[in-house]
Amino acid sequence: MSRLIINGKKRLRGEAEVQGAKNSVLPILAASILCSDTSVIHNCPDLSDVRATINILRFLGCKAELSGGTLVCDSSGLNATHIPDSLMRELRSSIIFLGALLARTGSASLGFPGGCEIGPRPIDIHLKALEALGVSIKDEHGIFRCTAPEGLHGGRVSLSFPSVGATENVMICAALAEGITVITNAAREPEICDLADYLNSCGAVIGGAGEGTIVIEGVQKLHGAQHTVIPDRIAAATLMSCAASTGGSIMLKNVIPSHLGAVLSVFEECGSDVLIRGGCIMLDSPLRSCAPKIIRTMPYPGFPTDAQAPIMGMAARSRGTTLFVENIFENRYLHVSGLLRMGANIKVEGKVAVLQGVESLHGAEVNALDLRGAAALITAALGAEGKTTLGGVKYLDRGYDCFEAQLQSLGADIQRV
Ligand code: UD1
(Lines give C-alpha, C1' and ligand atoms only; values in the text may rest on other atoms or scores of the structure.)
Protein backbone atom coordinates (compact mmCIF):
# COMPACT_ATOMS: atom_id res chain seq x y z
CA MET A 1 0.00 0.00 0.00
CA SER A 2 1.56 3.31 -0.95
CA ARG A 3 1.83 6.37 1.24
CA LEU A 4 2.80 9.95 0.65
CA ILE A 5 5.50 11.56 2.77
CA ILE A 6 5.21 15.33 2.81
CA ASN A 7 7.65 17.73 4.44
CA GLY A 8 5.79 21.01 4.66
CA LYS A 9 6.70 24.68 4.52
CA LYS A 10 8.12 24.79 1.00
CA ARG A 11 6.59 27.71 -0.91
CA LEU A 12 5.15 26.47 -4.21
CA ARG A 13 6.33 28.35 -7.28
CA GLY A 14 6.18 27.79 -11.01
CA GLU A 15 3.83 26.62 -13.71
CA ALA A 16 1.47 23.65 -13.81
CA GLU A 17 -0.68 22.23 -16.58
CA VAL A 18 -4.16 21.28 -15.39
CA GLN A 19 -5.31 17.75 -16.28
CA GLY A 20 -8.47 16.88 -18.22
CA ALA A 21 -11.66 16.77 -16.15
CA LYS A 22 -12.42 13.48 -14.43
CA ASN A 23 -16.11 14.33 -14.19
CA SER A 24 -16.27 14.95 -17.95
CA VAL A 25 -14.32 12.01 -19.21
CA LEU A 26 -16.21 9.35 -17.23
CA PRO A 27 -19.70 10.08 -18.65
CA ILE A 28 -18.17 10.69 -22.11
CA LEU A 29 -16.63 7.21 -22.06
CA ALA A 30 -19.98 5.68 -21.08
CA ALA A 31 -21.66 7.71 -23.88
CA SER A 32 -19.11 6.48 -26.41
CA ILE A 33 -20.96 3.15 -26.62
CA LEU A 34 -23.85 4.94 -28.36
CA CYS A 35 -21.68 5.19 -31.48
CA SER A 36 -21.16 1.78 -32.98
CA ASP A 37 -17.70 2.79 -34.16
CA THR A 38 -14.60 4.54 -32.85
CA SER A 39 -14.32 7.67 -30.72
CA VAL A 40 -11.02 9.33 -29.90
CA ILE A 41 -10.96 11.25 -26.62
CA HIS A 42 -8.05 13.66 -26.07
CA ASN A 43 -6.83 15.25 -22.83
CA CYS A 44 -7.89 12.11 -20.97
CA PRO A 45 -6.33 11.95 -17.49
CA ASP A 46 -4.80 8.65 -16.34
CA LEU A 47 -6.87 7.95 -13.21
CA SER A 48 -7.94 4.78 -11.47
CA ASP A 49 -11.57 5.81 -12.16
CA VAL A 50 -10.73 6.04 -15.88
CA ARG A 51 -9.05 2.59 -15.73
CA ALA A 52 -12.16 1.19 -13.98
CA THR A 53 -14.34 2.64 -16.76
CA ILE A 54 -12.07 1.09 -19.40
CA ASN A 55 -12.58 -2.26 -17.64
CA ILE A 56 -16.35 -1.85 -17.92
CA LEU A 57 -16.04 -0.97 -21.62
CA ARG A 58 -13.89 -4.05 -22.24
CA PHE A 59 -16.27 -6.29 -20.29
CA LEU A 60 -19.05 -5.06 -22.58
CA GLY A 61 -17.01 -6.15 -25.62
CA CYS A 62 -15.60 -2.74 -26.60
CA LYS A 63 -11.96 -2.07 -27.37
CA ALA A 64 -10.54 0.73 -25.23
CA GLU A 65 -6.92 1.86 -25.05
CA LEU A 66 -5.46 4.82 -23.15
CA SER A 67 -2.06 6.04 -24.24
CA GLY A 68 -0.36 9.41 -23.89
CA GLY A 69 -3.53 11.17 -22.80
CA THR A 70 -5.62 9.88 -25.71
CA LEU A 71 -8.26 7.22 -25.28
CA VAL A 72 -9.47 5.32 -28.31
CA CYS A 73 -12.72 3.45 -27.83
CA ASP A 74 -14.22 1.19 -30.48
CA SER A 75 -17.63 -0.01 -29.35
CA SER A 76 -18.55 -1.90 -32.53
CA GLY A 77 -18.07 -5.23 -30.74
CA LEU A 78 -20.40 -4.47 -27.80
CA ASN A 79 -22.00 -7.78 -26.91
CA ALA A 80 -23.25 -7.59 -23.31
CA THR A 81 -26.00 -5.68 -21.52
CA HIS A 82 -25.14 -6.47 -17.92
CA ILE A 83 -22.33 -5.16 -15.75
CA PRO A 84 -21.12 -7.30 -12.82
CA ASP A 85 -21.31 -5.86 -9.31
CA SER A 86 -17.54 -5.99 -8.91
CA LEU A 87 -17.15 -3.49 -11.78
CA MET A 88 -20.14 -1.35 -10.77
CA ARG A 89 -18.76 -0.89 -7.26
CA GLU A 90 -15.48 0.52 -8.49
CA LEU A 91 -16.92 4.00 -9.11
CA ARG A 92 -20.03 6.14 -8.85
CA SER A 93 -20.32 7.04 -12.50
CA SER A 94 -20.68 3.38 -13.51
CA ILE A 95 -24.40 4.25 -13.18
CA ILE A 96 -24.12 6.32 -16.39
CA PHE A 97 -23.81 3.02 -18.29
CA LEU A 98 -27.48 2.47 -17.45
CA GLY A 99 -28.71 5.18 -19.84
CA ALA A 100 -25.97 4.34 -22.33
CA LEU A 101 -26.73 0.60 -22.52
CA LEU A 102 -30.46 1.28 -22.77
CA ALA A 103 -29.87 3.70 -25.64
CA ARG A 104 -27.57 1.32 -27.51
CA THR A 105 -29.32 -2.03 -26.87
CA GLY A 106 -32.74 -1.35 -25.32
CA SER A 107 -31.86 -3.19 -22.12
CA ALA A 108 -29.46 -3.06 -19.20
CA SER A 109 -28.96 -4.93 -15.99
CA LEU A 110 -26.70 -3.69 -13.25
CA GLY A 111 -26.43 -3.12 -9.50
CA PHE A 112 -25.75 -0.09 -7.32
CA PRO A 113 -22.72 2.01 -8.23
CA GLY A 114 -19.82 2.45 -5.81
CA GLY A 115 -17.60 5.50 -5.32
CA CYS A 116 -16.46 7.48 -2.30
CA GLU A 117 -18.65 7.07 0.78
CA ILE A 118 -19.56 10.72 1.21
CA GLY A 119 -23.26 10.09 1.85
CA PRO A 120 -25.98 7.57 0.92
CA ARG A 121 -25.85 8.56 -2.80
CA PRO A 122 -29.17 7.01 -3.93
CA ILE A 123 -30.09 6.64 -7.63
CA ASP A 124 -33.84 7.31 -7.34
CA ILE A 125 -33.68 10.47 -9.50
CA HIS A 126 -31.88 8.55 -12.29
CA LEU A 127 -34.46 5.74 -12.25
CA LYS A 128 -37.53 7.99 -12.16
CA ALA A 129 -36.15 10.09 -15.01
CA LEU A 130 -35.44 7.05 -17.20
CA GLU A 131 -38.97 5.74 -16.60
CA ALA A 132 -40.27 8.92 -18.25
CA LEU A 133 -38.46 7.76 -21.44
CA GLY A 134 -40.31 4.43 -21.51
CA VAL A 135 -37.89 2.38 -19.40
CA SER A 136 -39.36 -0.38 -17.26
CA ILE A 137 -37.25 -1.16 -14.16
CA LYS A 138 -37.41 -4.30 -12.03
CA ASP A 139 -35.37 -4.26 -8.82
CA GLU A 140 -34.36 -7.89 -8.18
CA HIS A 141 -32.52 -7.84 -4.84
CA GLY A 142 -30.42 -4.82 -5.77
CA ILE A 143 -29.97 -5.71 -9.46
CA PHE A 144 -31.90 -3.36 -11.72
CA ARG A 145 -33.22 -5.15 -14.78
CA CYS A 146 -34.19 -2.45 -17.22
CA THR A 147 -35.89 -2.76 -20.57
CA ALA A 148 -37.79 -0.52 -22.95
CA PRO A 149 -40.67 -2.83 -23.98
CA GLU A 150 -42.13 -0.34 -26.46
CA GLY A 151 -38.86 1.33 -27.37
CA LEU A 152 -37.38 4.49 -25.88
CA HIS A 153 -39.37 7.63 -26.45
CA GLY A 154 -38.86 11.28 -25.62
CA GLY A 155 -40.54 12.66 -22.52
CA ARG A 156 -40.73 15.49 -20.03
CA VAL A 157 -38.28 14.95 -17.19
CA SER A 158 -38.45 17.29 -14.23
CA LEU A 159 -35.61 16.53 -11.82
CA SER A 160 -36.40 17.00 -8.11
CA PHE A 161 -32.75 18.08 -7.65
CA PRO A 162 -30.31 19.13 -10.39
CA SER A 163 -28.35 15.87 -10.10
CA VAL A 164 -25.27 15.85 -12.33
CA GLY A 165 -25.35 12.09 -12.90
CA ALA A 166 -29.11 11.92 -13.52
CA THR A 167 -28.92 14.77 -16.05
CA GLU A 168 -26.13 12.89 -17.87
CA ASN A 169 -28.03 9.59 -17.84
CA VAL A 170 -31.13 11.20 -19.35
CA MET A 171 -29.17 13.16 -21.99
CA ILE A 172 -27.39 9.99 -23.10
CA CYS A 173 -30.50 7.82 -23.13
CA ALA A 174 -32.64 10.46 -24.87
CA ALA A 175 -30.03 11.04 -27.59
CA LEU A 176 -31.21 7.84 -29.34
CA ALA A 177 -34.86 7.84 -28.14
CA GLU A 178 -37.69 8.58 -30.55
CA GLY A 179 -38.92 12.16 -30.25
CA ILE A 180 -38.07 15.10 -28.05
CA THR A 181 -37.02 15.04 -24.40
CA VAL A 182 -37.11 18.13 -22.21
CA ILE A 183 -35.17 18.05 -18.92
CA THR A 184 -36.12 20.78 -16.44
CA ASN A 185 -34.15 21.62 -13.30
CA ALA A 186 -31.17 20.09 -15.12
CA ALA A 187 -27.66 20.30 -13.66
CA ARG A 188 -25.67 23.19 -15.21
CA GLU A 189 -22.12 22.03 -14.47
CA PRO A 190 -19.50 22.60 -17.23
CA GLU A 191 -19.12 18.80 -17.48
CA ILE A 192 -22.75 18.62 -18.69
CA CYS A 193 -21.84 21.00 -21.54
CA ASP A 194 -18.77 18.90 -22.35
CA LEU A 195 -20.87 15.75 -22.59
CA ALA A 196 -23.40 17.55 -24.81
CA ASP A 197 -20.56 18.82 -27.03
CA TYR A 198 -19.21 15.28 -27.42
CA LEU A 199 -22.64 13.79 -28.18
CA ASN A 200 -23.45 16.59 -30.64
CA SER A 201 -20.17 15.98 -32.47
CA CYS A 202 -21.31 12.34 -32.77
CA GLY A 203 -24.52 13.54 -34.47
CA ALA A 204 -26.84 14.04 -31.47
CA VAL A 205 -29.12 17.08 -31.27
CA ILE A 206 -28.90 18.52 -27.76
CA GLY A 207 -29.61 22.16 -26.95
CA GLY A 208 -29.59 24.15 -23.72
CA ALA A 209 -26.76 22.30 -21.93
CA GLY A 210 -25.43 24.57 -19.20
CA GLU A 211 -28.92 25.99 -18.62
CA GLY A 212 -31.73 24.74 -16.43
CA THR A 213 -33.69 23.34 -19.39
CA ILE A 214 -32.09 20.91 -21.84
CA VAL A 215 -33.86 19.80 -25.01
CA ILE A 216 -32.79 16.59 -26.73
CA GLU A 217 -34.11 15.64 -30.14
CA GLY A 218 -33.62 11.92 -30.50
CA VAL A 219 -31.81 10.68 -33.63
CA GLN A 220 -31.61 7.16 -35.09
CA LYS A 221 -27.87 6.71 -35.12
CA LEU A 222 -24.67 8.29 -33.80
CA HIS A 223 -21.18 8.06 -35.27
CA GLY A 224 -17.79 8.18 -33.54
CA ALA A 225 -16.02 11.52 -33.09
CA GLN A 226 -12.85 13.15 -31.81
CA HIS A 227 -13.27 15.16 -28.64
CA THR A 228 -10.98 17.06 -26.28
CA VAL A 229 -12.02 16.91 -22.63
CA ILE A 230 -12.29 20.26 -20.78
CA PRO A 231 -9.75 21.11 -18.06
CA ASP A 232 -10.51 19.86 -14.56
CA ARG A 233 -11.79 22.82 -12.53
CA ILE A 234 -11.48 20.84 -9.28
CA ALA A 235 -7.86 19.85 -9.95
CA ALA A 236 -7.23 23.56 -10.65
CA ALA A 237 -8.91 24.55 -7.36
CA THR A 238 -6.82 21.94 -5.54
CA LEU A 239 -3.53 23.20 -7.00
CA MET A 240 -4.48 26.76 -6.03
CA SER A 241 -5.34 25.61 -2.48
CA CYS A 242 -1.95 23.88 -2.23
CA ALA A 243 -0.15 27.01 -3.42
CA ALA A 244 -2.10 29.30 -1.06
CA SER A 245 -1.44 26.94 1.84
CA THR A 246 2.30 27.55 1.39
CA GLY A 247 2.13 31.27 0.57
CA GLY A 248 3.14 30.32 -2.95
CA SER A 249 2.90 31.86 -6.36
CA ILE A 250 1.87 29.68 -9.31
CA MET A 251 0.60 29.89 -12.85
CA LEU A 252 -1.98 27.35 -13.98
CA LYS A 253 -2.14 26.58 -17.69
CA ASN A 254 -4.97 24.85 -19.55
CA VAL A 255 -7.82 26.20 -17.43
CA ILE A 256 -11.17 27.78 -18.25
CA PRO A 257 -11.30 30.58 -15.66
CA SER A 258 -15.05 31.13 -16.11
CA HIS A 259 -15.63 27.61 -14.73
CA LEU A 260 -13.95 28.69 -11.50
CA GLY A 261 -15.86 31.90 -10.73
CA ALA A 262 -17.06 30.95 -7.22
CA VAL A 263 -13.64 29.48 -6.35
CA LEU A 264 -11.52 32.40 -7.56
CA SER A 265 -13.51 34.87 -5.50
CA VAL A 266 -12.68 32.83 -2.38
CA PHE A 267 -8.93 33.09 -3.08
CA GLU A 268 -9.30 36.84 -3.58
CA GLU A 269 -11.18 37.08 -0.28
CA CYS A 270 -8.29 35.21 1.36
CA GLY A 271 -5.85 37.89 0.21
CA SER A 272 -4.37 36.21 -2.88
CA ASP A 273 -3.79 38.17 -6.08
CA VAL A 274 -5.56 36.41 -8.91
CA LEU A 275 -4.75 37.34 -12.49
CA ILE A 276 -6.42 35.82 -15.52
CA ARG A 277 -4.77 35.75 -18.94
CA GLY A 278 -6.70 33.73 -21.50
CA GLY A 279 -6.50 30.08 -20.46
CA CYS A 280 -4.08 30.79 -17.59
CA ILE A 281 -4.58 31.77 -13.96
CA MET A 282 -1.80 33.39 -11.93
CA LEU A 283 -2.18 33.10 -8.16
CA ASP A 284 0.08 34.94 -5.74
CA SER A 285 -0.71 34.24 -2.09
CA PRO A 286 0.32 35.84 1.20
CA LEU A 287 2.37 33.74 3.64
CA ARG A 288 -0.71 33.28 5.77
CA SER A 289 -4.11 33.70 4.10
CA CYS A 290 -7.15 35.37 5.66
CA ALA A 291 -9.98 32.94 6.38
CA PRO A 292 -12.86 33.05 3.90
CA LYS A 293 -16.00 34.02 5.88
CA ILE A 294 -18.39 31.41 4.52
CA ILE A 295 -18.15 28.48 2.12
CA ARG A 296 -21.61 27.29 1.15
CA THR A 297 -21.55 24.42 -1.38
CA MET A 298 -24.21 24.61 -4.09
CA PRO A 299 -24.93 23.20 -7.54
CA TYR A 300 -23.02 25.06 -10.30
CA PRO A 301 -22.50 28.00 -10.64
CA GLY A 302 -22.36 27.99 -6.83
CA PHE A 303 -19.29 26.91 -4.87
CA PRO A 304 -18.50 23.27 -5.83
CA THR A 305 -18.76 20.62 -3.13
CA ASP A 306 -15.64 18.98 -4.58
CA ALA A 307 -13.56 22.07 -3.72
CA GLN A 308 -14.82 22.31 -0.13
CA ALA A 309 -12.22 19.88 1.22
CA PRO A 310 -9.07 21.41 -0.35
CA ILE A 311 -10.24 24.91 0.63
CA MET A 312 -10.66 23.67 4.20
CA GLY A 313 -7.12 22.24 4.10
CA MET A 314 -5.88 25.68 3.04
CA ALA A 315 -8.04 27.62 5.56
CA ALA A 316 -6.86 25.47 8.49
CA ARG A 317 -3.81 27.76 8.88
CA SER A 318 -5.50 31.05 8.01
CA ARG A 319 -6.28 34.18 10.06
CA GLY A 320 -9.91 34.17 11.20
CA THR A 321 -12.98 31.95 11.21
CA THR A 322 -14.74 30.16 8.36
CA LEU A 323 -18.25 28.74 8.42
CA PHE A 324 -18.62 25.80 6.03
CA VAL A 325 -22.11 24.67 4.99
CA GLU A 326 -22.08 21.45 2.94
CA ASN A 327 -25.39 21.36 1.08
CA ILE A 328 -24.75 18.61 -1.48
CA PHE A 329 -23.46 15.50 0.33
CA GLU A 330 -24.31 14.38 3.86
CA ASN A 331 -20.95 12.95 4.86
CA ARG A 332 -18.38 15.20 3.29
CA TYR A 333 -16.23 16.17 6.26
CA LEU A 334 -14.24 12.92 6.34
CA HIS A 335 -10.98 14.92 6.15
CA VAL A 336 -11.66 16.80 9.39
CA SER A 337 -10.27 14.07 11.68
CA GLY A 338 -6.95 14.17 9.79
CA LEU A 339 -6.85 17.97 9.91
CA LEU A 340 -7.46 17.87 13.69
CA ARG A 341 -4.46 15.54 14.06
CA MET A 342 -2.39 18.21 12.35
CA GLY A 343 -3.50 20.79 14.92
CA ALA A 344 -6.47 22.36 13.13
CA ASN A 345 -9.39 23.78 15.10
CA ILE A 346 -12.63 22.61 13.47
CA LYS A 347 -16.03 21.68 14.93
CA VAL A 348 -18.56 19.78 12.83
CA GLU A 349 -22.29 19.68 13.49
CA GLY A 350 -24.27 17.98 10.71
CA LYS A 351 -23.77 19.88 7.49
CA VAL A 352 -22.01 22.77 9.22
CA ALA A 353 -18.31 23.01 10.13
CA VAL A 354 -16.82 25.95 12.01
CA LEU A 355 -13.11 26.39 11.41
CA GLN A 356 -10.96 28.69 13.50
CA GLY A 357 -7.69 29.24 11.66
CA VAL A 358 -4.56 28.39 13.69
CA GLU A 359 -1.15 30.02 13.41
CA SER A 360 0.64 26.81 12.52
CA LEU A 361 -0.13 23.19 11.76
CA HIS A 362 2.23 20.28 12.44
CA GLY A 363 2.83 17.14 10.39
CA ALA A 364 1.10 13.93 11.52
CA GLU A 365 0.21 10.38 10.43
CA VAL A 366 -3.13 10.74 8.68
CA ASN A 367 -5.39 8.67 6.45
CA ALA A 368 -7.48 9.80 3.53
CA LEU A 369 -10.98 8.34 3.49
CA ASP A 370 -12.20 9.83 0.20
CA LEU A 371 -10.86 11.51 -2.94
CA ARG A 372 -11.24 15.19 -2.07
CA GLY A 373 -10.41 14.48 1.56
CA ALA A 374 -7.01 13.22 0.36
CA ALA A 375 -6.57 16.55 -1.44
CA ALA A 376 -7.47 18.44 1.77
CA LEU A 377 -4.88 16.58 3.82
CA ILE A 378 -2.13 17.14 1.24
CA THR A 379 -3.06 20.84 1.06
CA ALA A 380 -2.76 21.20 4.84
CA ALA A 381 0.42 19.08 5.04
CA LEU A 382 2.18 21.32 2.50
CA GLY A 383 1.67 24.30 4.81
CA ALA A 384 2.43 22.42 8.04
CA GLU A 385 5.68 22.28 10.04
CA GLY A 386 7.46 18.92 9.72
CA LYS A 387 6.57 15.59 8.22
CA THR A 388 3.14 14.20 7.34
CA THR A 389 2.57 10.58 6.34
CA LEU A 390 -0.61 10.15 4.33
CA GLY A 391 -2.30 6.76 3.89
CA GLY A 392 -5.34 6.06 1.70
CA VAL A 393 -3.50 7.30 -1.41
CA LYS A 394 -5.73 5.07 -3.56
CA TYR A 395 -8.46 7.68 -3.09
CA LEU A 396 -6.21 10.41 -4.47
CA ASP A 397 -5.47 8.26 -7.53
CA ARG A 398 -9.16 8.12 -8.39
CA GLY A 399 -9.13 11.75 -9.44
CA TYR A 400 -5.63 13.23 -9.74
CA ASP A 401 -3.17 12.31 -12.48
CA CYS A 402 0.46 12.23 -11.20
CA PHE A 403 -0.43 14.74 -8.50
CA GLU A 404 2.74 14.40 -6.45
CA ALA A 405 4.93 14.80 -9.54
CA GLN A 406 3.07 18.00 -10.32
CA LEU A 407 3.59 19.29 -6.76
CA GLN A 408 7.28 18.30 -6.87
CA SER A 409 7.75 20.35 -10.03
CA LEU A 410 6.31 23.32 -8.11
CA GLY A 411 8.92 22.79 -5.37
CA ALA A 412 6.99 20.66 -2.86
CA ASP A 413 8.84 18.02 -0.82
CA ILE A 414 6.49 15.09 -1.41
CA GLN A 415 7.37 11.45 -2.12
CA ARG A 416 5.36 8.30 -2.70
CA VAL A 417 6.72 5.30 -0.80
C1 UD1 B 1 -21.17 14.39 -9.51
C2 UD1 B 1 -19.65 14.40 -9.50
C3 UD1 B 1 -19.14 14.65 -8.08
C4 UD1 B 1 -19.74 15.93 -7.55
C5 UD1 B 1 -21.26 15.90 -7.66
C6 UD1 B 1 -21.93 17.21 -7.25
C7 UD1 B 1 -19.08 12.86 -11.26
C8 UD1 B 1 -18.44 11.58 -11.65
N9 UD1 B 1 -19.17 13.11 -9.95
O10 UD1 B 1 -21.59 13.30 -8.69
O11 UD1 B 1 -17.72 14.77 -8.15
O12 UD1 B 1 -19.39 16.06 -6.18
O13 UD1 B 1 -21.65 15.63 -9.02
O14 UD1 B 1 -21.43 18.25 -8.01
O15 UD1 B 1 -19.45 13.67 -12.10
N16 UD1 B 1 -29.02 12.36 -5.33
C17 UD1 B 1 -30.17 11.70 -4.94
N18 UD1 B 1 -30.71 10.80 -5.82
C19 UD1 B 1 -30.19 10.57 -7.05
C20 UD1 B 1 -29.02 11.26 -7.44
C21 UD1 B 1 -28.45 12.15 -6.56
O22 UD1 B 1 -30.66 11.88 -3.84
O23 UD1 B 1 -30.74 9.74 -7.81
C24 UD1 B 1 -28.39 13.30 -4.39
C25 UD1 B 1 -26.99 12.83 -3.98
O26 UD1 B 1 -27.05 11.88 -2.94
C27 UD1 B 1 -26.34 14.13 -3.57
C28 UD1 B 1 -26.96 15.14 -4.56
O29 UD1 B 1 -28.15 14.54 -5.04
O30 UD1 B 1 -26.72 14.45 -2.27
C31 UD1 B 1 -26.03 15.48 -5.72
O32 UD1 B 1 -25.70 14.32 -6.43
P33 UD1 B 1 -25.33 14.32 -7.97
O34 UD1 B 1 -25.40 15.71 -8.51
O35 UD1 B 1 -26.12 13.25 -8.63
O36 UD1 B 1 -23.81 13.91 -7.92
P37 UD1 B 1 -23.08 12.78 -8.75
O38 UD1 B 1 -23.56 12.81 -10.16
O39 UD1 B 1 -23.11 11.51 -8.01
Of all DSSP beta bridges in the stretch 22-228, what percent run antiparallel (nearest 5)? 70 percent
When every protein chain stays in place and a 1.4 Å probe is rolled, Arg372, Arg89 sorted by accessible area with the largest first are Arg89, Arg372
For a label point 7 Å along the Cα-to-beta-carbon line of Met1, residues of the stretch 353-378 with backbone N under 18 Å: 364-375, 377-378
Order of exposure, largest accessible area first, which applies to Met298, Met342 with probe 1.4 Å: Met298, Met342
On the principal axes of its Cα set, how long, how wide and how thick is the chain? Give whole Å, largest value first. 65, 42, 41
Kirkwood Rh over alpha-carbon pairs of the stretch 22-228 plugged into Stokes-Einstein at 4 °C, 1.567 mPa s gives a D in µm²/s of 79 µm²/s
Quote to one decimal, in nm, the extra length available between Thr105 and Ile137 on full extension: 0.36 nm per residue of separation minus the C-alpha distance between them. 10.0 nm
At a probe size of 1.4 Å, how large is the accessible area of Arg104, to the nearest 10 Å²? 60 Å²
For Glu365 and Arg51, calculate 0.36 nm times their separation in residues minus their Cα-Cα distance, and state this gained length in nm to one decimal. 110.2 nm
Would you give the gap between the C-alpha center of the stretch 235-278 and the C-alpha center of the stretch 1-74, rounded to a whole Å? 23 Å
The stretch 384-417 and the stretch 158-174: distance between their alpha carbon centers, rounded to Å: 34 Å
May I ask you to list the residues of the stretch 1-28 whose amide nitrogen lies under 14 Å from a point 7 Å from Cα along the Cα→beta-carbon direction of Gln415? 3-8
5 angstrom amide H check on Ser136, placed H, neighbours 5+ away: Thr147, Ala148
Between their Cα atoms, which of Lys10/Lys387; Lys293/Lys387; Lys10/Lys347 are more than 19 Å away from each other? Lys293/Lys387; Lys10/Lys347
Just to be sure I understand: of the beta bridges DSSP finds with both ends in the chain, what percent are antiparallel, rounded to 5? 70 percent
The chain: relative contact order as a whole-number percent, Cα under 8 Å and 6+ apart: 21 percent
Among Ala166, Met298, Cys146 the positive-end extreme of the charge dipole of the chain (Cβ point charges): Met298
For Lys221, which aspartates and glutamates qualify as cross-link partners when the Cα separation must be under 13 Å and same-chain residues fewer than eight apart are set aside? Asp37, Glu178
Tally up the carbon and sulfur contribution to the accessible surface of the stretch 346-417 as a whole percent, 1.4 Å probe, everything protein left in place. 50 percent
Under the Karplus relation 6.51 cos²θ - 1.76 cosθ + 1.60, θ = phi - 60°, what is the ordered set of whole-Hz ³J(HN,Hα) values for the stretch 353-369, x standing for Gly and Pro? 10, 10, 10, 9, x, 10, 6, 8, 9, 10, x, 7, 8, 9, 10, 7, 10
Going residue by residue through the stretch 213-218, the Karplus relation 6.51 cos²θ - 1.76 cosθ + 1.60 with θ = phi - 60° gives ³J(HN,Hα) values, rounded to whole Hz and with x marking Gly or Pro, of 10, 10, 10, 10, 9, x
For the chain, built as a Gaussian network whose Cα springs stay under 10 Å, the top-fluctuating residue of Asn200, Asn23, Asn79: Asn79
Cα-based helix-to-principal-axis angle, 48-59 vs the chain, degrees rounded to 10: 20 degrees
Coarse-grained scattering of the stretch 218-272 at q = 0.27, 0.31 Å⁻¹, given as base-10 log I(q)/I(0) from a Debye sum over alpha-carbon atoms: -1.17, -1.38
Environment charge at Arg398 (Cβ cut-off 14 Å; Lys +1, Arg +1, Asp -1, Glu -1): -3
Given a Förster distance of 30 Å, the FRET efficiency implied by the Cβ-Cβ spacing of Arg296 and Glu17, rounded to the nearest 0.05, works out to 0.50
Quick one: what are the phi-derived ³J(HN,Hα) couplings along the stretch 121-126, Karplus 6.51/-1.76/1.60 with θ = phi - 60°, whole Hz, x for glycine and proline? 6, x, 10, 4, 5, 4
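The values are calculated or read from the model by the stated rules, or taken from the named source; none is laboratory data. Just so it is clear, the model here is predicted, and its values are computed rather than measured. FYI the Cβ positions are ideal-geometry reconstructions off the backbone, even for glycines, and counts take in every protein chain you see. Remember, those area values only see protein heavy atoms, side chains included, never the ligands or the DNA or RNA. Shrake-Rupley method; radii C 1.70, N 1.55, O 1.52, S 1.80 Å.
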